[in-house]
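The values are calculated or read from the model by the stated rules, or taken from the named source; none is laboratory data. The model shown is predicted, which means the values in this text are computed figures rather than measured ones. Because the Cβ atoms are built from the backbone with ideal geometry, glycine has one as well, and the counts that use them run over all protein chains shown.
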Amino acid sequence: MSQTGRKRSRKIVAKGYYKALAWCPFQANLLATGGGGGDRTIKFWNTRTGACLNSVDTGSQVCSLLWSKNERELLSSHGFTQNQLTLWKYPSMVKMAELNGHTSRVLYMAQSPDGCTVASAAGDETLRFWNVFGVPETAKKPAPKAAHEPFSRVNRIR
């Protein structure tokens, strides 16, 4: 323990060029990492043991990773050559959807508080909104229709 009473960091031998990190919301010791242009993989790490649990070649550099708050799904954003977002089912890593629209690498993603909408920002200086993860089962209740819905131009996949 350090003088402040906190544990010191622990090194996991995971050599590579990492551009993206995302903690799994439903498994505390699971970390997803995304590799750059030379690596192109998403790796899953057990942070207690340091073991690499799985590695998936995505075909292009991984710029950002985001776990669904409501489902066992992972969203990855990519750069050269694809410039897209890809939705994966975890743990099978079956590709569920490819979201196109950016013309340059997708650098950042942020999830809305309800977990349904993702905003992506890319090198093409655009900000896009995607209804990627859908509404959780407990929240699927009929709601009155609004005269004008905010983000009516949100790209939907569900």
Practice prompt. Could you tell me which residue of the range 3-24 is modelled with the highest pLDDT, considering only residues that are aliphatic (A, V, I, L, M), surrounded by 10 or more Cβ atoms within 10 Å (Cβ to Cβ) and part of a loop (DSSP other than H, G, I, E, B)?
Written response: ILE12
Worksheet, complete the sentence: When GLN27 is run through (1) loosely packed, with under 14 Cβ neighbours inside 10 Å; (2) over 12 Å from the mean Cα position of the chain (by Cα); (3) modelled with pLDDT of 95 or more, the failure sits at (1)
Worksheet entry | Of the criteria (1) at pLDDT 95 or above; (2) under 24 Å from ARG156 (Cβ atoms); (3) among the polar types (S, T, N, Q); (4) out of contact with any Leu (no Cβ under 8 Å at 6 or more places or on another chain), which one GLN84 fails | (4)
Practice prompt. Answer yes or no as to whether SER64 is within 15 Å of LEU21 (Cβ to Cβ) and touching a Cys at 6+ places or on another chain (Cβ under 8 Å).
Written response: no
Item to complete: Looking for whichever is without any contact (Cβ under 8 Å) to a residue 24 or more places away in the chain and closer than 19 Å to PRO25 by Cα here; the options are LYS89, LYS95. Which one fits?
Response: LYS89
Worksheet item: If only one of GLY38, GLY115 is part of a loop (DSSP other than H, G, I, E, B) and closer than 22 Å to VAL154 by Cβ, which one is it?
Response: GLY115
Worksheet entry | Within the range 46-86, tally of residues that are free of Cβ contacts under 8 Å to residues at least 60 places away in the same chain and part of a strand (DSSP E or B) | 20
